[in-house]
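Participant: Structure in structure tokens, see below.
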């Protein structure tokens, strides 16, 4: 954690008609950390992810990546700048193999367009081999190397979520947004997800994670931002968040006797 922040969210608001989903949200993400974004349902977490990744433009405010302003750019442009993401609902090509799904993510870096054609020209074969080699390495990172030839749709939910992370890693991101990576997972699968998040951090990739599993958040995060009704109510270390009365009130309606819930 050194130097300038990798991401700066500056006074971001987002309106849908007359409804304000985000109101003046601002925070920084230091390079090389895991920063969690938590809050009750409807707090604006996924909306903020969509603003950062270019799905939505902010109604007001700015988003900066590595000192350059990125709000207003298209999602593919932001991805090319080094931001990758996963989604609450797994978005895989179910009839393609696990390897092919990761190779699709790799395609953005390698180019060539050969995945969609039946004939691979000799000039593109070295690039195709590089893509496959790197994609298999990524499958090993996420623990799915044994399932490279399996159809993505045949894998259980926990593995599909790991595969989606693998596809995001295939773009060589400097910042990865993980949207509820533990949703729907059992305890063992959640443990696997937590270990993977920490491994991604060890790879030098900055992580922002939206997650309702507070135990996982406190296990993997260096910093935590808390949203409630579209506004930031806290930003600090896990210990600071654990003892913040406004956070406790947001989750428990002011019942401070359960402060140990996180």
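The values are calculated or read from the model by the stated rules, or taken from the named source; none is laboratory data. Predicted model, so just to flag it, every value in this text is computed and none were measured. Using ideal geometry, Cβ is built from the backbone for each residue, glycine included, and neighbour counts are taken over all protein chains shown.
Participant: For the stretch 1-56, which positions are under 24 Å from residue 200 (Cβ atoms), surrounded by fewer than 16 Cβ atoms within 10 Å (Cβ to Cβ) and without any contact (Cβ under 8 Å) to a residue 60 or more places away in the chain?
Facilitator: 2, 3, 55
Participant: Provide a single number: the residues in the stretch 201-215 that are buried (at least 21 other Cβ atoms within 10 Å of the Cβ) and touching a helix residue (DSSP H, G or I) at 6+ places or on another chain (Cβ under 7 Å).
Facilitator: 4
Participant: Output yes when any residue across the stretch 165-186 is surrounded by fewer than 18 Cβ atoms within 10 Å (Cβ to Cβ) and free of Cβ contacts under 8 Å to residues at least 40 places away in the same chain, and no when none is.
Facilitator: Scanning the stretch 165-186 turns up at least one residue that is surrounded by fewer than 18 Cβ atoms within 10 Å (Cβ to Cβ) and free of Cβ contacts under 8 Å to residues at least 40 places away in the same chain.
Participant: Only residues that are more than 16 Å from residue 57 (Cβ to Cβ), more than 16 Å from the chain's Cα centre (by Cα) and in a helix (DSSP H, G or I): list them for the stretch 68-101, please.
Facilitator: If the condition is that a residue be more than 16 Å from residue 57 (Cβ to Cβ), more than 16 Å from the chain's Cα centre (by Cα) and in a helix (DSSP H, G or I), then 98, 99, 100, 101 are the ones that fit.
Participant: Now for a separate question. Do we have any residue at all in the stretch 3-24 that's assigned by TED's automatic domain parsing to the domain that holds residue 237, closer than 22 Å to residue 183 by Cβ and at pLDDT 95 or above? Lay out the reasoning, then the answer.
Facilitator: So the first thing to find is which residues in the stretch 3-24 are assigned by TED's automatic domain parsing to the domain that holds residue 237, and the list is 3-24.
If we keep only those that are closer than 22 Å to residue 183 by Cβ as well, we get 21-22.
Subset that is at pLDDT 95 or above: 21-22.
Yes, the stretch 3-24 contains at least one residue that is assigned by TED's automatic domain parsing to the domain that holds residue 237, closer than 22 Å to residue 183 by Cβ and at pLDDT 95 or above.
Participant: Just checking, which of 196, 144 is modelled with pLDDT of 95 or more and either surrounded by fewer than 17 Cβ atoms within 10 Å (Cβ to Cβ) or not assigned by TED's automatic domain parsing to the domain that holds residue 98 (or both)?
Facilitator: Working: 144 fails: either surrounded by fewer than 17 Cβ atoms within 10 Å (Cβ to Cβ) or not assigned by TED's automatic domain parsing to the domain that holds residue 98 (or both).
Testing whether each residue is modelled with pLDDT of 95 or more and either surrounded by fewer than 17 Cβ atoms within 10 Å (Cβ to Cβ) or not assigned by TED's automatic domain parsing to the domain that holds residue 98 (or both) leaves just 196.
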